[in-house]
């Protein structure tokens with residue numbers, strides 16, 4: 001539907017929104033607490049998600065009917081409902097680290113390292129129903145660059 005370019009733009013916008021979310025949540029956490037910040041962020045997100053479901057629900061149902069899919073016959077695995085758990089920890093932990101000497105840039109760089117490493121392991125072992133994509137030098141090289149860049153971002157601040 002969107003194509004590679006459209007999906008790439010969506011991913012970039014998602015990254016911008018993630019950085020914005022982490023910064024706003026860290027400001028709230030500094031004024032209240034990291035846990036309260038997480039509760040508020042997820043509560044507001046829940047309300048917005050419910051509103052989006054109401055707005056887009058008819059279109060999604062009609063699209064499934066047009067495609068001839070019967071979603072009720074598909075059994076969704078339990079882990080599909082558990083995405084909010086790592087999301088909650090992400091908000092709490094990022095809220096704590098952004099207001100530290102690591103800062104927003106360091107927090108996002110280190111989070112990116114975690115995402116790179118975890119995604120490489122998931123694809124290498126075919127976890128979470130992903131296609132197996134064995135580790136290679138070309139897969140690991142970007143992670144090495146991000147790790148080195150993150151170290152420079154975090155420890156380079158002290159010398160500036």
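The values are calculated or read from the model by the stated rules, or taken from the named source; none is laboratory data. Everything quoted here is computed from the prediction, not taken from an experiment. Counting neighbours? That spans all protein chains shown, and the Cβs are built from the backbone with ideal geometry, glycine included.
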Residue 50 without any contact (Cβ under 8 Å) to a residue 12 or more places away in the chain, surrounded by 10 or more Cβ atoms within 10 Å (Cβ to Cβ) and in the same structural domain as residue 84 (by TED's automatic domain parsing): yes
So which pairs qualify, if the first residue must be in region 118-134 and in contact (Cβ under 8 Å) with a residue 24 or more places away in the chain, the second must be part of a helix (DSSP H, G or I), the Cβ gap must be under 9 Å, and the two must be at least 6 apart or on different chains? 128/79; 128/122
Find the helices (runs of 4 or more DSSP H) located wholly in region 79-160 whose residues include 2 or more that are surrounded by fewer than 14 Cβ atoms within 10 Å (Cβ to Cβ) and modelled with pLDDT of 90 or more, and list them. 103-125, 137-156
